[in-house]
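*Asks:* To start, I am sharing the structure in question, which I have written as structure tokens.
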Amino acid sequence: MGMNMEEAGGAAGTVRTVSRRLVRPSIGDAPPPEDIHLTPWDLRLISVDYIQKGLLLPAPPAGGDRLVSTLASSLARALRRYYHLAGRLAVEERGDGTVNVRLRCTGEGAELVHATAHGVAVADIAGSVYTPSSVVWALFPLNGVLGADAAVDSLPVLSAQVTELADGVFVGVSLNHSVGDGFVFWELFNTWSEINRGGGGAIRDLSEISARVHRRWFTDASPVPIPLPFSKLQHVVRRFDPPIMQECFFTFSAASVKELKARANDEMAGTATATISSLQALLAHLWRAVSRARRLPPGQETSYTLAVGCRGRVSGIPPGYMGNALVPAKASGTVGEVLGKGLGWTAWQLNRAVASFDEEAMREWLESWTREPQFRYFGSLMSGGAALITGSSPWFDVFGNDFGWGKPAAVRSGREGKMDGKATVYQGPERGGSMSLEVCISPDAMERLVADEEFMDAVRHGECCAR
């Protein structure tokens, strides 16, 4: 562990890096080193940023190195369960113009960073709908690092930063998206917090854990490993400068979400052939409000893309699958339709997009990907300010992450994939059906969104959501 007084953030919000250490899985019946071959779902995300999510916690009884050492010990036990997250991505250049990428479960360790930001208070981060992005982003490690960078430079696939604030602690975690999605991310976070507060989260049958970790799902026709058409992996990397955006965080109470769902279903009574979900109603509410705020012409095409999970939906992919298992579902319409046909019609478009999932078409896409790989680039997802895209899930357990000294006050994300139209959904702080949306749009549109009475009437006022 070495001292490294790096600084990030601005002025009173300066974040100082105190130390870094590698945390290896705790000693036990750890499996021998092994390789995990990556699927098309994994490999297509090697071109994007790490997943970055973090929790704002109350001040612990003891801080400094004692706090960080305790968290390092519990993280080591968590890594015994998810030992693949202590591994490294490895590249094999085959000499025929292609490369292979795999996850090597060598136990080299996850990174744990200790930082301080004594000029930042909990209220500075969560006291307004407006997110102080320059401060919040500095609370995460591996900013700007893409999945492929980690393979080329042998960087950790998992890194956590513990930042002591004036009156609290922020725990920010960065996970290489090519080794796992939001399900994997929150499984690790939940296990770490459970172990740290004294739960029995580390005691499980390691043979069952090994099977879950290593069982990647490939179609029968897929080559394993999958060759990528580059002489060097660096050639997959493309970086882009996102436009200037404003980031805001809105929380909706369980009662507010229930009311939106009831309204959407009432509007579609006699027309809809299925029930519109709470999430679909909430996202339709956002889609309509953002369309108003952007002041787009009625004839402008607008779209909303959702991430649909495949766990339990596709045969062969169990509920506890530990790789990436997401497919996009896209709803479209004109601005005039979204604004003129009501909440129910808009929510129904989202419902139909999710219902249109076709397992056979998905299998065909996976097989074609191995022949002609296509990678995800956030720059190509920006559509001139007419689209929305939502990832994550309100069903991930965010506010159950009590590390032993109090429940989280708020959740925030890092700079990963931020673009005009990105809206991340979370479990709300009330749990029990409350939901939160972290929204990025242009500053002028955001100013109008926050002033939109119809939208803000549904926003839960109070903690983390003061206007």
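*Asks:* Cross-link candidates for LYS341: which aspartates and glutamates have Cα within less than 18 Å, leaving aside residues fewer than 8 places away along the same chain?
*Replies:* By straight Cα distance, LYS341 reaches ASP266, GLU267, GLU301, GLU454.
*Asks:* Now a separate question. If you roll a 1.4 Å probe over the heavy atoms of the protein chains, what accessible area per residue do you get for the stretch 17-236, in Å²? The partial results should precede the final answer.
*Replies:* Values: 7400 Å² over 220 residues.
For the stretch 17-236, the per-residue accessible area is 34 Å².
*Asks:* Also, I was wondering about something else. Given the Cα-Cα distance of LYS232 and ASP220 and 0.36 nm per residue of separation, how much length would full extension add, in nm?
*Replies:* Values: separation 12, 0.36 × 12 = 4.32 nm, distance 2.73 nm.
Answer, rounded to one decimal: 1.6 nm.
*Asks:* Where Lys and Arg each count +1 and Asp and Glu each count -1, what net charge lies around TRP41 among other residues with Cβ under 11 Å from its Cβ?
*Replies:* On the way: positive: ARG44, ARG216, ARG376; negative: ASP42, ASP181.
Around TRP41, the surrounding residues sum to +1.
*Asks:* Sticking with this structure for a sec: Can you pick out the pairs among LYS53/LYS418; LYS53/LYS261; LYS232/LYS422; LYS330/LYS418; LYS261/LYS407 whose Cα atoms lie more than 23 Å from each other?
*Replies:* Details: LYS53/LYS418 13 Å; LYS53/LYS261 27 Å; LYS232/LYS422 31 Å; LYS330/LYS418 19 Å; LYS261/LYS407 28 Å.
The answer is LYS53/LYS261; LYS232/LYS422; LYS261/LYS407.
*Asks:* Figure the gain on full extension for LYS258 and TYR377 (residue separation times 0.36 nm, minus the Cα-Cα span) and round it to one decimal in nm. If you can, show how the numbers build up before the last one.
*Replies:* Working: separation 119, 0.36 × 119 = 42.84 nm, distance 3.53 nm.
Full-extension gain reported as 39.3 nm.
*Asks:* Select from TRP137, ASN176, PRO243 the residue farthest towards the positive end of the dipole of the chain; place +1 on Cβ of Lys and Arg, -1 on Cβ of Asp and Glu, and compute about the Cα centre.
*Replies:* After comparing all options, I get ASN176.
*Asks:* So, one more: Can you check what the net charge comes to around GLU372, using other residues whose Cβ is under 14 Å from the Cβ of GLU372 (Lys, Arg +1; Asp, Glu -1)? Please report the intermediate quantities before stating the final value.
*Replies:* Details: positive: ARG44, ARG371; negative: GLU364, GLU367.
Result for the neighbourhood of GLU372: 0.
*Asks:* Taking the Cβ of GLN300 as the center, what net charge do the other residues with Cβ under 11 Å away carry, scoring Lys and Arg +1 and Asp and Glu -1?
*Replies:* On the way: positive: ARG294, ARG295; negative: GLU301, GLU337.
Net charge around GLN300: 0.
*Asks:* Using the heavy atoms of the protein chains alone and a 1.4 angstrom probe, what is the accessible area of the stretch 246-457 per residue in square angstrom?
*Replies:* Dividing the accessible area of the stretch 246-457 by its residue count gives 39 Å².
*Asks:* Counting only protein heavy atoms and a 1.4 Å probe, tell me what percentage of the chain's accessible area is made up of carbon and sulfur. Don't skip to the end; give the middle numbers.
*Replies:* Details: 8980 of 18050 Å².
That share works out to 50 percent.
*Asks:* In addition: Quick one: dipole size for the stretch 246-457, taken about the Cα centre, charges +1 on Lys/Arg Cβ and -1 on Asp/Glu Cβ, in debye to the nearest 20.
*Replies:* Values: 22 positive and 24 negative charges, 33 e Å.
Dipole magnitude for the stretch 246-457 comes out near 160 debye.
The values are calculated or read from the model by the stated rules, or taken from the named source; none is laboratory data. Being a predicted model, the structure only gives us computed values, none of them experimental. With ideal geometry, Cβ positions are generated from the backbone for all residues, glycine too; neighbour counts draw on all protein chains shown. Side chains included, ligands, DNA and RNA excluded: accessible areas come from the protein's heavy atoms. Shrake-Rupley method; radii C 1.70, N 1.55, O 1.52, S 1.80 Å.
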